[in-house]
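Reading through the structure tokens given below for one structure.
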Amino acid sequence: MASMPDSTSQQILRDVFGYADFRGAQQAIVEHVMAGGDALVLMPTGGGKSLCYQIPALLRDGVGIVVSPLIALMQDQVDALKQLGVQAAFLNSSLDAAAAREVSKQLQRGELKLLYVAPERLMTDSFLNLLERLHEDNGIALFAIDEAHCVSQWGHDFRPEYRALTVLHERFPNVPRIALTATADAPTRREIVERLALEKAQQFVSSFDRPNIRYRITQKNNARQQLQAFLETEHPDDAGIVYCLSRKKVEETAAWLKEQGWDALPYHAGLDAATRSANQKRFLREEGVIMVATVAFGMGIDKPNVRFVAHLDLPKSMEGYYQETGRAGRDGLPANAWMAYGLGDVVSMRQMLMSGDAPEERKRVELQKLDALLGFCESTACRHQTLLRYFGEDHPGCCNECDNCLSPMDKWDATQAAQMALSCVYRTGQRFGVVHLIDVLLGKETAKVEQFNHRQLSTFGIGKELAQAQWSSVYRQLAAAGLLNVDMEAYGGLKLTDAARPVLRGEQEVWLRRDADPVKRKAQRAERNAKAREPFVGANDDPLWLALKAKRTELAREQGVPPYVIFHDSTLQEILKRRPSNLAELGKISGVGQAKLAKYGDEFLQVVGSVADGVGN
């Protein structure tokens, strides 16, 4: 298929995709690839990575080949392009032989501008030979390697097939390549460059800040009830993801949410493929579904109106937390990242990491990453600033979109309490968990205290000035600060680190965040609830908003595609705000390209007009 020689990237952006302007580095990337240059694009989820290869593919001769590991989502990506009038297809193991042959014929006839292909399929000799014939006849516009971090052996998304993708450069040296990822850390970036032979590629690194996401971390205190309160207050009708550490907890949480009246579904690797596929399809194609999942769910999720991501367990690392929370608010509208965690999470996660089969070097790396996440959880600084600093990016701080900025936590001089807590760990033999240590500090006459004769210790009963919950907070924060380690061989017992010595010797002060008391916590929760954001103020009850969503759902069901493939929420909101009265006005709204204007314009204008007439009567 020929390119669009009379078009510019700006015209394609406006006429095909319906956007007036490029965002950030998009235009520079597009122009670079259009000119035949290789590129490595690091851009946050929701930053518009796909346009960076879709527009050059439309403007260059030949077909754009998109390598993606996300077989389950290729269908939706292709559906979205077809809605825009773009000739696109996918080729993976979900197609039967006849359908795959038809796609291959379309490819050979030059009828496609974009083809999504799984790396396993691409690396077969027959497909590579097909590409060579195609290159000679109709040309290949570019190779786009999506989710490029899958090349990294250190990542949880590692795909061995990605290591072989250097063959594209070897066999097609003149075809530009663009590798894209939302994984920000420098080691992964270096590995992508090395493994994909992109040493000469220009790197485009966007800011990884997600200013539309409000980060909030709370200490666990009946996590299910805390989750229920969060959902009822801020997301009564929204789609979202709830992450849990274990398959069992996923199943139990999904069942409990369903009992409470939420439309919740489970997703984990232990479910059969048909159930996973059906649940994912419902999440993508219906409104207001909550997916309760392990990290097996999420990579490449294109649903733009995920309004929240909640964690009931601690993720493995800052990278994992960033990736998982980044699945919220891809459309740029306000979204929430909420997490409840406690010291028990730390014990469970360390236990899981240490009991795995990974080499000791890998375990050390994973434990360091977990420690960084703990520090983030306990930090009193701006969440956006702390998160970006981890990835080597500056942020001015005070984002007004995180719990620490909206409701700053008090600090207190906990030096004496820290000395008591650490001394108790030492004098009990560095082998007991938090519950027993607190019993000793509070002077409780428990069976375990008697069994180990800990009533005779100098630390017995010296901590009565603090309540049990306060001591729990002290130990949690000391562990997060690296003064204590969890000893897995001692069944979760706490041990002192070298960093504890200057504190015990009185050479270093310790300042900790003061957990709010129940009364203050209730007041802060009321304050946060008052500040809770809706995607569009007043929209949920607006008759036109409901009518626009109903029309979108109706059209989506007719065509068997997710509602957001018709129009994003942001587009519907702009229609709601501007209330266009003719096609020309509707065509100026972001996200309404020429193909969608021709296909849906009259129907949506009719909705606007009919609701307006109804309101006027």
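Coordinate-derived values only; no laboratory data. All values reported here derive from a predicted model rather than from experimental measurement. Here the Cβ is made from the backbone with ideal geometry for all residues, glycine too, and neighbour counts use every protein chain on show.
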Notebook entry, point to check: Assuming R0 = 30 Å, what is the FRET efficiency of residue 137 and residue 272, from their Cβ-Cβ distance, to the nearest 0.05?
Noted result: 0.10
Note to self: Can you list residues from other chains, or at least 5 along the same chain, whose modelled amide H is less than 5 Å from the amide H of residue 487?
What the structure shows: 492, 493, 494, 495
Notebook entry, point to check: How many percent of all Cα-Cα pairs in region 539-616 sit more than 15 Å apart?
Noted result: 52
Note to self: 7 Å from Cα along Cα→Cβ at both residue 594 and residue 161: what's the point-to-point distance in nm?
What the structure shows: 3.6
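Taking the Cα centre of the chain as origin, sum charge times position over the Cβ atoms of Lys and Arg (+1) and Asp and Glu (-1), and report the length of that vector in debye to the nearest 20. Mind dumping the intermediate values first?
Details: 74 positive and 78 negative charges, 207 e Å.
It comes to approximately 1000 debye.
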Check: In terms of Cα to Cα distance under 25 Å, which lysines are near enough to residue 599, apart from those fewer than 8 places away along the same chain?
Finding: 82, 113, 281, 303, 549, 551, 577, 588
Item checked: Separation of alpha-carbon centers, region 202-275 and region 440-488, rounded to whole Å -> 33
Checklist line | Point-to-point label distance, residue 465-residue 130, nm (Cα→Cβ direction, 7 Å offset) | finding: 7.5
Notebook entry, point to check: How big is the Cα convex hull of the chain in projection, averaged over all directions, in nm²?
Noted result: 30.6
Item checked: For region 9-205, fraction of C-alpha pairs farther apart than 29 Å, in % -> 16
Item checked: Under 21 Å from residue 220, Cα to Cα: lysines that are on another chain or at least 8 residues apart -> 248, 249, 316, 411, 520, 522
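Pull out the extension gain between residue 35 and residue 252, defined as 0.36 nm times the separation in residues minus the alpha carbon to alpha carbon distance; nm, one decimal. The partial results should precede the final answer.
Numbers: separation 217, 0.36 × 217 = 78.12 nm, distance 5.31 nm.
So the extension gain works out to 72.8 nm.
Quick check: from the Cα gyration tensor, does region 213-406 come out rounded (a/c under 1.5), prolate or oblate?
Because a/c hits 1.5 or more and a/b fails to exceed b/c, region 213-406 counts as oblate.
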Checklist line | Signed unit charges on C-beta, dipole axis of region 70-229, positive-most listed residue 174, 222, 160 | finding: 222
Next item on the list: Mind checking the full-extension length gain between residue 409 and residue 582? Use 0.36 nm per residue of separation minus the Cα-Cα distance, one decimal, nm.
Entry: 57.1 nm
Notebook entry, point to check: Which order results if 511, 545 are arranged by neighbouring Cβ count within 10 Å, fewest first?
Noted result: 511, 545
Notebook entry, point to check: For region 110-163 and region 55-100, what is the separation of their C-alpha centers, rounded to whole Å?
Noted result: 12
